[in-house]
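**Q** Below is the structure I would like to discuss, written out as structure tokens.
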Amino acid sequence: MKPELYCDFEKQLKGLEYYLIVDSSSYKRLHEFVNVYPIIRNDTAPMMKFPLHTRMDVKFLQDIFGRFMVKDYVKSVKGSDFPVYFDSTITQSEFDGWMEKFYQYRGDLLTGGICIKKYLDLKKYDGYTNEYRAFYYHNELMILMKSSNQSDACCNPPFELIHKYKILDSPFFTLDFAQLEDDSWIIIESGDGQVSGITDSSQTETFYRMLKEKN
């Protein structure tokens, strides 16, 4: 749900004397990664943001990032012919053409602005990356779950990193972690806990049981 729709939803509920656990400002703060980036920048990929429909200088981006990926404030384009990343081989005219496609593919879901993130290689085990999603409720870790179909034998994110950012300004949010090829770990996404999906179906019952126990 786009932040402006969530804000309208909150207002309608208040008119009926119902109140959301996550207010609209907290929702926007965690739903849009650019708002979290200044806090976690030491533990995530370098990033720059641009207003929508800005013509970005691809040579400048190549000089800054080398390889880079494109997303809006919430999502990238997946399941299409849009490149996973761009590198030194892309020309300005080619990049401009891909950006036109980006706006078409995101359509009505386009949110906020454009994020350019440095593309980093993730470690793989038997073809699967090692990614996890952590749900935090009232600034405590509620549950950690696998999010890339990796084996149970894969290592978890470091305890210190999981707990380092649990006191972000929202009562219910998620952080996604990924292991890099050099075995270090980074945060790759943030999200509102209400709209972030359960990434490990085997933990669905546990997730809702723990959420119930928190309330």
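**Q** Given H placed 1.01 Å from N in the peptide plane, which residues other than close sequence neighbours of ARG67 have an amide H under 5 Å from its amide H?
**A** Counting only residues 5 or more places away or on other chains, the set is TYR119.
**Q** I need the shape label for segment 78-125. Rule: rounded when a/c is under 1.5, else prolate if a/b > b/c, else oblate, with a, b, c from the alpha carbon gyration tensor.
**A** oblate
**Q** Identify the residues of segment 119-143 with backbone N under 12 Å of a label point that sits 7 angstrom from the Cα of ARG209 along the Cα-to-Cβ direction, or state none.
**A** Counting only backbone N, you get no residues.
**Q** Also: To the nearest 500 deg cm²/dmol, what mean residue ellipticity at 222 nm is calculated for the chain from DSSP H runs of n ≥ 4 alone, each contributing -39,500 (n - 2.57), summed and divided by the residues?
**A** Per the formula, -9000 deg cm²/dmol.
**Q** Let me ask something else about it. How big is the dipole moment of segment 1-128 about its Cα centre under a simple scheme where the beta carbon of each Lys and Arg is +1, that of each Asp and Glu is -1, and everything else is neutral? Debye, nearest 20, please.
**A** For segment 1-128, the charge dipole is close to 240 debye.
**Q** Could you size up the charge dipole of the chain around its Cα centre, putting +1 on the beta carbon of Lys and Arg and -1 on that of Asp and Glu, and report it in debye to the nearest 20?
**A** Rounded to the nearest 20 debye, it is 300 debye.
**Q** Using modelled amide H (1.01 Å from N, peptide plane; none on Pro or chain starts), what sits under 5 Å from the amide H of ILE114, excluding residues fewer than 5 places away?
**A** PHE50, LEU52
**Q** Another question about this same structure. What GluC sites (Glu not before Pro) does segment 138-215 have in DSSP loop regions with at most 11 other beta carbons within 10 Å?
**A** Hits after loop and neighbour filter: GLU181.
**Q** Let me ask another. Quick one: 3J(HN,Hα) in Hz for segment 171-182, Karplus 6.51/-1.76/1.60 with θ = phi - 60°, rounded, Gly and Pro as x.
**A** x, 8, 8, 10, 10, 9, 10, 9, 8, 8, 4, 8
**Q** Right, next: Could you compute the FRET efficiency for ARG41 and ASP87, with r as their C-beta to C-beta distance and R0 at 22 Å, rounded to 0.05?
**A** It comes to 0.45.
**Q** Stretch PHE50-GLU140 to full length: gain in nm at 0.36 nm per residue minus the Cα-Cα span?
**A** 29.1 nm
**Q** Additional query: Quick check on the exposure proxy: order MET69, MET210 from fewest to most C-beta atoms within 10 angstrom.
**A** Going from sparsest to densest Cβ surroundings: MET210, MET69.
**Q** Picking from THR54, SER25, PHE65, whose Cα lies most toward the positive end of the charge dipole for segment 1-77 (charges on Cβ: Lys, Arg +1; Asp, Glu -1)?
**A** Looking along the dipole axis, the top candidate is PHE65.
**Q** Now, a different point. Given H placed on each backbone N at 1.01 Å, which residues far from THR44 in sequence or on other chains put an amide H within less than 5 Å of it?
**A** Here the answer is ILE187, since their amide H atoms fall under 5 Å of that of THR44.
**Q** Just subtract the alpha-carbon distance of CYS155 and ASP169 from 0.36 nm times their residue separation and send over the number in nm, one decimal.
**A** 2.2 nm
**Q** Looking at segment 60-142, how many pairs of lysines come closer than 22 Å at the Cα, when each pair is eight or more places apart or spans two chains?
**A** Taking the Cα cut-off of 22 Å, the pair count is 15.
**Q** Same structure, new question: Report the longest stretch of the chain that contains none of the chymotrypsin sites (Phe, Trp or Tyr not before Pro) sitting in a DSSP loop with at most 10 other Cβ atoms within 10 Å.
**A** 20-215
**Q** Does the chain come out rounded, prolate or oblate by the C-alpha gyration tensor, with a ≥ b ≥ c the root eigenvalues, rounded set by a/c under 1.5 and, if not, prolate when a/b is larger than b/c and oblate if not?
**A** Since a/c reaches 1.5 but b/c is at least a/b, the shape of the chain is classed as oblate.
**Q** Something else: For segment 12-75 and segment 112-146, compute the distance between their C-alpha centroids and round to whole Å.
**A** Cα centroid of segment 12-75 versus Cα centroid of segment 112-146: 15 Å apart.
FYI, it's all coordinate maths here, none of it is from the lab. Because the structure is predicted, anything quoted here is derived from the model rather than measured. Virtual Cβ from ideal backbone geometry, glycine too; neighbours counted across all protein chains shown.
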